[in-house]
1. Within region 1-67, report the GluC sites (Glu not before Pro) that DSSP leaves as loop and that have at most 15 other Cβ atoms within 10 Å.
2. With each run of n ≥ 4 DSSP H residues scored as -39500 (n - 2.57), what mean residue ellipticity at 222 nm is computed for the chain after dividing by its residue count and rounding to the nearest 500 deg cm²/dmol?
3. Just need log10 I(q)/I(0) for region 1-60 at q = 0.23 Å⁻¹, Debye formula, equal scatterers on the alpha-carbon atoms, no solvent, rounded to two decimals.
4. Describe numerically, in nm with one decimal, the distance between label points set 7 Å from Cα along Cα→Cβ at Val38 and at Ala68.
5. Longest exposed-loop-site-free stretch of the chain, with trypsin sites (Lys or Arg not before Pro), DSSP loop and at most 13 other Cβ within 10 Å?
6. Between Leu43, Leu35, Leu21, where does the largest GNM mean-square fluctuation fall for the chain, given springs only between Cα atoms within less than 10 Å?
7. So for the chain, averaging the separation of alpha carbon pairs under 8 Å that are six or more residues apart and normalising by length, what relative contact order in percent results?
8. Any idea what log10 I(q)/I(0) is at q = 0.12, 0.14, 0.27 Å⁻¹ for region 36-92, Debye with uniform C-alpha scatterers and no solvent?
Amino acid sequence: MQFFVENLFLIVMALVSGGLLLWPSIRDRAGGERLDTVTATRLMNDEDPTVIDVRSPAEYDAGHLLRAKSIPLVDLPKRVSEIKGKKPVLVL
């Protein structure tokens, strides 16, 4: 027990450091496939995907991609049925 008390700072730092090292791999497992800008542009040009903009309505009104449909992120679970078809879906 004395070891833990005397080295509490080092133990906490080791746990935080380990968490930070694992965070990118944990984060990448969530959600769908992530695309870089070149791949997303090719997808938009070649496959005509359904584009969903999950930003707030104010941000959407300030500027959005052509043919993008506004479905704010907070509403997405309720409105997922609006995303129909077999086309790829690109979420921004």
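1. Glu33
2. Details: 5 runs with 48 residues, N = 92.
When only DSSP H runs of four or more count, the value is -15000 deg cm²/dmol.
3. So the normalised log intensities work out to -1.01.
4. The answer from the label model is 2.2 nm.
5. Values: sites that count: Arg34, Arg67, Lys84, Lys86.
In short, 1-33.
6. The residue with the greatest mean-square fluctuation here is Leu21.
7. On the way: 60 pairs, mean separation 26.1, N = 92.
With pairs under 8 Å counted, the relative contact order is 28 percent.
8. Those come out to -0.28, -0.38, -1.16, one per q.
None of the figures in this text is laboratory data; all of them are computed from the coordinates on show. Worth saying up front: this structure is predicted, and the values here are computed from it rather than measured. So basically every Cβ, Gly included, is an ideal-geometry build from the backbone, and we count neighbours across all protein chains shown.
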